[in-house]
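Only one structure is covered here, and it is reproduced in the block below.
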Amino acid sequence: RDLFTNDELLSDAYPGTVEYDEVILEVKATRIPVGGGEVDIGRGNAFGGRDEDEDEGPVDPNVELVLDLVSIFSYTEVPFTKKQFIAVLKGYMGKVKKWVQDNKPERLEAFQRGANSFAQQVVGHFDEYQFWVSSESLDNPSMVILSYYK
């Protein structure tokens, strides 16, 4: 959950790894088809579907591939310029820093180190990222969720 808006941003059904001095949670997302009419329930050719090793063939033009987390948690994509993102990140990380100071002061140094390292990584590779926010809090921005191809 988001620390300040209490929006559900993720579920424990999606395990992740903590990175950047335990400041960032990295979770693997996969692209899933949305739309179209054919559904393969995983039984392969038993019900007329494809075998696992069979080529998937042409992509249905009515099917859109979206990140599973975006679809499940209803994230909304936000187009940021680098300057806008830096301003949003500074504001949010400032709020988190205050929370850490008040609630877990022993983590403050590691938080600052990890947050700075993460910010440098994102800014240095800015064009490789997509940015999302929780649709629940469009009027009261929550944490920005980032995605990139790894």
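Taken together, the values in this text are just the output of simple stated rules run on the coordinates, not laboratory data. A quick note: this is a predicted structure, and the numbers were derived from the prediction, not measured. As a convention, Cβ positions derive from the backbone with ideal geometry for all residues, glycine included, and neighbour counts pool all protein chains shown.
Evaluate E = 1/(1 + (r/R0)^6) for GLU109 and SER74, where r is the Cβ-Cβ distance and R0 equals 35 Å; express this FRET efficiency to the nearest 0.05.
For R0 = 35 Å, the calculated efficiency reads 0.45.
Tally Lys/Arg at +1 and Asp/Glu at -1 over every other residue whose Cβ is under 15 Å from the Cβ of LYS28; what's the total?
Residues close to LYS28 contribute a combined charge of -2.
In sequence order, what are the phi-derived ³J(HN,Hα) couplings for segment 71-78 according to the Karplus relation 6.51 cos²θ - 1.76 cosθ + 1.60 with θ = phi - 60°, rounded to whole Hz, with x for glycine and proline?
Residue by residue, segment 71-78 yields 5, 5, 9, 6, 6, 10, 6, 10 Hz.
Where does the charge balance sit around TYR129 when Lys and Arg score +1, Asp and Glu -1, over other residues with C-beta under 12 Å from its C-beta?
Neighbourhood net charge equals -1.
Enumerate the lysines that LYS95 could reach by cross-link, defined here as Cα to Cα under 25 Å, with residues fewer than 8 away along the same chain left out.
Excluding near neighbours in sequence, the set is LYS82, LYS83, LYS104.
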